[in-house]
Amino acid sequence: MESDPSPTPTPRVIAITALLVLLIVALTGCAMPSHSSHQSSSVVQFLYPTDDRPLVAPQIPTLRLPLTVGLAFAPSAGHGARGFNQNFPEARQQELLEDVAAQFRSLAFVDNIQVIPTTYLRPGGGFENLDQLKSLMGVDVIALIAYDQAQSSIDDEASIIYWTIIGSYIFPTRKNETHTLMEAVVYDISSRSLLFRAPGVSSVRDRNTLMGSADELSKDSAHSFIAAADDLSTNLKTELDRFQVRLREEPESAHIEHRPGYTGAGSIEGWFGAGLLLLGLARWIRPTA
Amino acid sequence: MMRQFSVFIFGILSILLAALPHYHNALLFDRTAILGGQFWRLWTGHWIHFSPSHLLWNVVALSFTGAWLEARQPGLLLRYTAVAAPAISVGLLVLEPHLITYGGLSGLGTGMVALLGITLCRSRGFDRTIGVSTLVLLTAKLLHDLIPGTALLSRFDLPAVQASTTAHLLGTLLAVIGNLAGPKPFFAGRISEDQFDKSRNLRSRHQL
């Protein structure tokens, strides 16, 4: 009796091979990001959607005061808007727009703020789209708010505990990172020139279990959007102050003139009036001999 | 009496008009209406103010300056106001083609400060020092106005209203020309308080 030259593998051998393959996959997985996502809207993509389109040459802006400022979120070209709307809900978006509007409203030379619905902006609409808004809503200057959020999850070495199945529910071996950039970019529509920009950034890091990871990432995304929006508001105030200083100190950076049909007023400034009163007081205290 | 007159025309009248906003449309400097024949607006537009603080500073400064000027040069305030108010308005019509409506007393006010400064400079001693200081203060204000963008970017209560400095320059120019030009200046008073005091002192010495 001859033995079989090619014996079929025994179930034991199959089981060991399968376990080895699983171990290799699991160990390799520890060193690689288990999850990454990215959602963004881009002002550059909106204004300059195609490479073949010639870049618009900006001119020195002519600001005809008082200004009407438009506020809008830059439209997202891809599917990023879905995550943004989920994690930074409409109420929060309105809150941010109101915050930004209030800061613009505090400027002496801004007359009117128009919050522009996102539906009025086409993805990749460019300056032609802004020209339409200018005609439609009388907007001179537009502040576009864009966002860029990247999330990643990495399992650390302790994630070997996933082998136990129950460990993936208990041990927080997954490191999550969420980085968000929000920025307000302010353009003068007529001259196509960038007046200024203000960024807001946020980074959220935490650890959680494999099974709770999706929920935590969603929460992190929302927290990071809110923190970036707060940072944006703070920085916007600084940038607006700088912009006003620049207009005064560098008159060549922008032409400033009255809007046709403006209402003018002659006013005595406080310091001038106070100076006059002081001179009168000096004369009163020391009468002529 | 004349001091009270200045307080009335610059103070009480302005406040009265501020309390009657329904009349503003009929009195405001309005280019279209003026060119349509409503010439009273050349005068009345100066007494219309756009906000309480706009009114406050103008009224306080002008009532004070007007009263002081009347004490030094009786009658000067009335003559200057009667002539300069329409002249400033016509200047705005010509020099500010984009300006549609205008309000505020400060054009007249800066002119009055110029008149007061010049009048005090003609005195002696400490009054002259005060006069020179007044003119220096006025010059600083006008130079501040002339810095590009400063007036346009300055804070005003109502964002829709923009500070116009042309009226200040016109008011001052009219005061200087009217006071200094010619052998018998139009705005120069016939008798000043100083001269009045001197003649009174001389009379009392003679009586003694």
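The values are calculated or read from the model by the stated rules, or taken from the named source; none is laboratory data. Just so you know, these numbers come straight off a predicted model, no measurement behind them. No Cβ is skipped: glycine too gets one built from the backbone with ideal geometry, and neighbour counts run over all protein chains shown.
Could you tell me whether A:Leu277 is part of a helix (DSSP H, G or I) and either away from every other protein chain (no Cβ under 14 Å) or modelled with pLDDT under 80 (or both)?
So A:Leu277 does not fit the description; no.
Residue-wise test of (1) within 7 Å of chain B (Cβ to nearest Cβ); (2) surrounded by 14 or more Cβ atoms within 10 Å (Cβ to Cβ); (3) in a helix (DSSP H, G or I); (4) at pLDDT 85 or above.
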position: A:Leu236; (1), (2), (3), (4): no, yes, yes, yes
position: A:Ile256; (1), (2), (3), (4): yes, yes, no, no
position: A:Thr263; (1), (2), (3), (4): yes, yes, no, no
position: A:Phe272; (1), (2), (3), (4): yes, yes, yes, yes
position: A:Leu281; (1), (2), (3), (4): no, no, yes, yes
position: A:Pro287; (1), (2), (3), (4): no, no, no, no
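Looking at (1) surrounded by 17 or more Cβ atoms within 10 Å (Cβ to Cβ); (2) at negative phi, which is the one condition that is false for A:Arg192?
Answer for A:Arg192: the failing condition is (2).
With respect to B:Gln4, determine if the residue is outside any helix (DSSP H, G or I) and of a type outside the set (Lys, Arg).
It is false that B:Gln4 is outside any helix (DSSP H, G or I) and of a type outside the set (Lys, Arg).
Residue-by-condition table, conditions (1) outside any strand (DSSP E or B); (2) of a type in the set (Gly, Ala, Ser); (3) buried (at least 17 other Cβ atoms within 10 Å of the Cβ):
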site	(1), (2), (3)
A:Ser76	yes, yes, yes
A:Ala91	yes, yes, no
A:Glu98	yes, no, no
A:Gln103	yes, no, yes
A:Leu107	yes, no, yes
A:Asp111	no, no, yes
A:Thr119	yes, no, no
A:Glu128	yes, no, no
A:Asp131	yes, no, no
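List every residue pair whose Cβ atoms lie under 8 Å apart, where the two residues are 6 or more positions apart in sequence or sit on different chains, the first residue falls within segment A:249-261 and is free of Cβ contacts under 8 Å to residues at least 60 places away in the same chain and over 30 Å from B:Thr32 (Cβ atoms), and the second residue, located anywhere, is of a type outside the set (Gly, Ala, Ser) and loosely packed, with under 14 Cβ neighbours inside 10 Å.
A:Pro251/B:Pro148
Can you tell me which residues in segment A:48-77 are at pLDDT 85 or above, of a type in the set (A, V, I, L, M, F, W, C) and under 21 Å from A:Gln149 (Cβ atoms)?
A:Leu71, A:Ala72, A:Phe73, A:Ala74
So, in segment B:109-132, of the ones that are at the interface with another protein chain (Cβ under 8 Å from one of its Cβ atoms) and hydrophobic (A, V, I, L, M, F, W, C), which residue ends up nearest to B:Tyr80 (Cα to Cα)?
Among those residues, the one meeting the criterion is B:Val113.
Condition (residue is touching a residue at least 24 places away in the same chain (Cβ under 8 Å), part of a strand (DSSP E or B) and not acidic (Asp, Glu)) applied to segment B:9-27: is it met by at least one residue?
Taking segment B:9-27 as the starting set, the residues that turn out to be touching a residue at least 24 places away in the same chain (Cβ under 8 Å) are B:9-11, B:13-15, B:17-18, B:24.
Restricting the remaining residues to those that are part of a strand (DSSP E or B) gives none.
No - not one qualifying residue is present in segment B:9-27.
Testing A:Ala229 on (1) more than 14 Å from chain B (Cβ to nearest Cβ); (2) surrounded by fewer than 16 Cβ atoms within 10 Å (Cβ to Cβ); (3) in contact (Cβ under 8 Å) with a residue 12 or more places away in the chain, one condition comes back false. Which one is that?
(2)
Criterion first (aromatic (Phe, Trp, Tyr) and either exposed (fewer than 13 other Cβ atoms within 10 Å of the Cβ) or modelled with pLDDT under 85 (or both)) does B:Phe126 satisfy it?
no
Do we find a residue being of a type in the set (A, V, I, L, M, F, W, C), at pLDDT 85 or above and touching a strand residue (DSSP E or B) at 6+ places or on another chain (Cβ under 9 Å) anywhere in segment A:209-223?
Looking for residues that are of a type in the set (A, V, I, L, M, F, W, C), at pLDDT 85 or above and touching a strand residue (DSSP E or B) at 6+ places or on another chain (Cβ under 9 Å), one finds none in segment A:209-223, hence no.
Mind checking which pairs have a first residue in segment A:103-122 that is facing another protein chain (nearest Cβ under 10 Å) and a second that is surrounded by fewer than 19 Cβ atoms within 10 Å (Cβ to Cβ) and of a type in the set (Val, Ile, Thr), Cβ under 7 Å, 6 or more apart or different chains?
So the pair list comes out as A:Asp111/A:Thr68; A:Asn112/A:Thr68.
I need a count of the residues in segment B:48-58 that are buried (at least 24 other Cβ atoms within 10 Å of the Cβ) and assigned to a helix (DSSP H, G or I).
Number satisfying all stated conditions: 2.
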